[in-house]
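Sharing a structure here in structure tokens format.
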Amino acid sequence: MKLLNFTIIKLTICLILGIIIGYLTNIPLSITILSTALLLLILLVFYLISRKQFIKSIWFGITAFLVMISAGVLTTSFHNQENFSNHYTRVISTEIDSLKTIKFRIREVLKPGNYYDKYVIDLLEIDDENTSGKTLLNIQKDTLQTPLKVDNVYVSRTDFKDLIHPLNPHQFDYKTYLKKKYIYHQLFITNESLFAIESKTKTLFGIADNIRQHINKKLKPYHFKPDELAIINALLLGQRQDISEDVYTSYTNAGAIHILAVSGLHVGIILLILSFIFKPLERFKHGKLIKTILLVSLLWSFALIAGLSASVTRAVTMFSIVAIALNLKRPTNIYNTLSISMFVILLFKPLFIFDVGFQLSYLAVFAIVAIDPFLFNLWKPKNKVVKFYWHTFTITISAQFGIIPVSLYYFHQFPGLFFISNLIIIPFLGVILGLGIIIILLAVLNILPQFGADIYGSIIGLMNNFVGWVSKQEAFLLKDISFSLLYVMLSYILIVTFIRLLFKRNYSNLKLFLIAILVVQGAFIYNEFSKPSNEFIVFHKSRYSVLGHTINNTIVVANDFDSIVKSKNKIIKDYVVGNHIKTLEETSISPIYQLKNKHLLVIDSLGIYNIKSLKPDFVLLRQSPKINLNRLIDSLKPKQIIADGSNYKSYIARWEQICKKRKIPFHQTSKKGAFIIDLVVSD
């Protein structure tokens, strides 16, 4: 089946292209409105002309595609909250670091960090001026204080802080991630500086949070273990904040993390249950219509309770279209259904296209629909149980074809035993979800027997233990796989040409597949020549020093980590994976580094640098040395001073002022990020 024969798929691709263009270019809203209106007018003219023509003109189709691209740009600009006249960035644009009196409402509770409880808030007022927009709120952890609740309104006096770009190469860019959620700044406050304001306004997010809180309150007396209750919240309420790091890692390493994200499988099971419950309505006049309205309403209510994540939004939209089509007695094509659901979602949430969950869910479903029929027909067992497990296996393999490249790009690992996790858990997931719904209903009605809760808790615990066992088979877990965006695109070209060849074995498809192999090989060759061949790096790590020297496929790392920090540190791992480096060696920090024709002098807490014969190009200050920087500059005459994350902030501020007066470049890693000396360019 040729996917591009479906018009809606072509239009959706054009919409996606427009969204990407709109995000990257940030075209003004007025220009996008005018261009879209003009293209619509041209499209109308071509439509009126083509109605009278026996042979259709190509220009109508081209204009339609241009309209959709322009619509993608328009919807991106329209949803960009910075374009709103009352957006808070217009109020603070000239006074970013000044104190403001801020009134805000809690919108979403995030997973807490090591030192702060985190929330997404809606800004209501800044210095008595009505504003709109979202920002990130960080509240210093306090065990004596209860967490803030969604829809609560507070006033505080603080200043807006810029979000920080990653300070080391190939680290996760949290600033860009938040920007795609229209969050541009963050606030840091304490519980003592919060003043609660009484508010009767209730948002849909607040109502959904109250329902979740009520359910958890009813479940609490049944003494579920923390990990069991966290999984129940993830499976049935779409909330994963309380899942411990160990359990989350186990599901990730076992290739079963998708089970914890409410998606098509979960929504499909809920739809089947609801359809069975409301089936008697079909006997009445307009019963099918009433049933459809109830189904769609309840599905979206569940999506709201589950937090309207990208995956659950995609699933509920798709199944809503299916439910409506069944009511209208219209035949549904899965490709059209998927494309329409994607089209509708992106019109209202254009930046979902950059969401990992959104990408993985659609890629998995498209791959299952396209590939599974071919794989399933390779063997047709007669035994129903064997046939069921064979189909589960082929669906799992098909989904992997769709998500492997993107998964490797984002997570850099491949769980080799993913099929075992899915073969064991997925057949019973319907039972687990069904029982979970019954358990929640009985608990809310206060008629849940303790033995029922114990049995369900044991089932969840058994699933956790099984996933934990699979994740410990580390020999089958491929970690730290280097996979760039170029590899992702070329991998899909290779997969598509391979699938085409499997479906239709002819010379043309074989030629395309062989060309794809050659292109992929070319990408590997290009990567070998583009990776850093010789560079020295002063990484940023708070309270510690990390130095790295990369030569071809080897990096030699020197640091002063203790064993605990070393086990949790990802700075070097991100750099190694991002640059496709094969060998990692460790050594101790040296006082002097000779970097071809340049020298770097390292001065630690001892403050010893009496080397008269050496005129270093770079001086690295680490562990807050008590030195007279003016005297050091006079005696050594360095070309640049570097201060890493191991120094006190007060020392760094003083050094920066001295370097500014002496007109010597000063690099502070906590502000400017890692300091990189490219020894190839410097030659």
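The values are calculated or read from the model by the stated rules, or taken from the named source; none is laboratory data. As the structure is a prediction and not an experimental result, all values here were calculated from the model. Note: ideal-geometry Cβ built from the backbone for every residue, glycine included; neighbour counts use all protein chains shown. We work out accessible area using only protein heavy atoms, side chains counted, and drop any ligands, DNA or RNA first. Shrake-Rupley method; radii C 1.70, N 1.55, O 1.52, S 1.80 Å.
Somewhere in the stretch 322-331, is a residue within 23 Å of G402 (Cβ to Cβ) and either of a type in the set (A, V, I, L, M) or free of Cβ contacts under 8 Å to residues at least 60 places away in the same chain (or both)?
yes
Continuing with this model, one more query. Going by the conditions given, is I243 at pLDDT 85 or above, surrounded by fewer than 22 Cβ atoms within 10 Å (Cβ to Cβ) and either closer than 23 Å to L360 by Cβ or touching a Leu at 6+ places or on another chain (Cβ under 7 Å) (or both)?
Yes.
Quickly run through the stretch 356-372 and pick out the residues that are surrounded by fewer than 22 Cβ atoms within 10 Å (Cβ to Cβ) and among the polar types (S, T, N, Q).
Answer for the stretch 356-372, where residues must be surrounded by fewer than 22 Cβ atoms within 10 Å (Cβ to Cβ) and among the polar types (S, T, N, Q): just Q359.
A further question follows. Which numbered condition trips up N210, out of (1) touching a Gly at 6+ places or on another chain (Cβ under 8 Å); (2) in a helix (DSSP H, G or I)?
(1)
Which one of the conditions (1) farther than 29 Å from D355 by Cβ; (2) open to solvent by 40 Å² or more (accessible area, probe 1.4 Å); (3) in contact with a Leu (Cβ under 6 Å, 6 or more places away or on another chain) does T101 fail to meet, given that it meets all the rest?
(3)
I'd like to check something: does the stretch 600-611 contain any residue that is over 41 Å from the mean Cα position of the chain (by Cα) and of a type in the set (D, E, K, R)?
no
Continuing with the same structure: Residues in the stretch 349-374 that are touching a residue at least 12 places away in the same chain (Cβ under 8 Å) and farther than 23 Å from L408 by Cα: how many?
3
Could you identify the single residue in K639, K596 that is basic (K, R), touching a residue at least 24 places away in the same chain (Cβ under 8 Å), surrounded by fewer than 17 Cβ atoms within 10 Å (Cβ to Cβ) and closer than 30 Å to E528 by Cα?
On the way: K639 fails: closer than 30 Å to E528 by Cα.
The unique qualifying residue is K596.
Answer yes or no as to whether L417 is modelled with pLDDT under 90, farther than 30 Å from Y487 by Cβ and either surrounded by 16 or more Cβ atoms within 10 Å (Cβ to Cβ) or polar (S, T, N, Q) (or both). Break it down into steps so the answer makes sense when it comes.
On the way: modelled with pLDDT under 90: yes; farther than 30 Å from Y487 by Cβ: no; either surrounded by 16 or more Cβ atoms within 10 Å (Cβ to Cβ) or polar (S, T, N, Q) (or both): yes.
Judged against the criteria, L417 is not a match.
Only one residue in S250, S301 is small (G, A, S), closer than 30 Å to A475 by Cα and within 27 Å of the chain's Cα centre (by Cα), so which one is that?
Numbers: S301 fails: closer than 30 Å to A475 by Cα.
The conditions single out S250.
While we're looking at this one, here's another question. Could you check how many residues of the stretch 183-203 are touching a strand residue (DSSP E or B) at 6+ places or on another chain (Cβ under 6 Å) and in a loop (DSSP other than H, G, I, E, B)?
Qualifying residue count, the stretch 183-203: 3.
Conditions tested, residue by residue: (1) open to solvent by less than 60 Å² (accessible area, probe 1.4 Å); (2) touching a strand residue (DSSP E or B) at 6+ places or on another chain (Cβ under 6 Å).
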site: K615; (1), (2): no, no
site: K649; (1), (2): no, no
site: A653; (1), (2): yes, no
site: K661; (1), (2): no, no
site: L679; (1), (2): yes, yes
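Just to verify a result, which residue in the stretch 251-279, among those that are among the small types (G, A, S) and assigned to a helix (DSSP H, G or I), is most open to solvent (accessible area, probe 1.4 Å)?
Step one: list which residues in the stretch 251-279 are among the small types (G, A, S), which gives 254-256, 261, 263-264, 268, 275.
Next cut, assigned to a helix (DSSP H, G or I) only: 264, 268, 275.
On the way: G264: 15, G268: 11, S275: 31 Å².
Among residues in the stretch 251-279 that are among the small types (G, A, S) and assigned to a helix (DSSP H, G or I), the one most open to solvent (accessible area, probe 1.4 Å) is S275.
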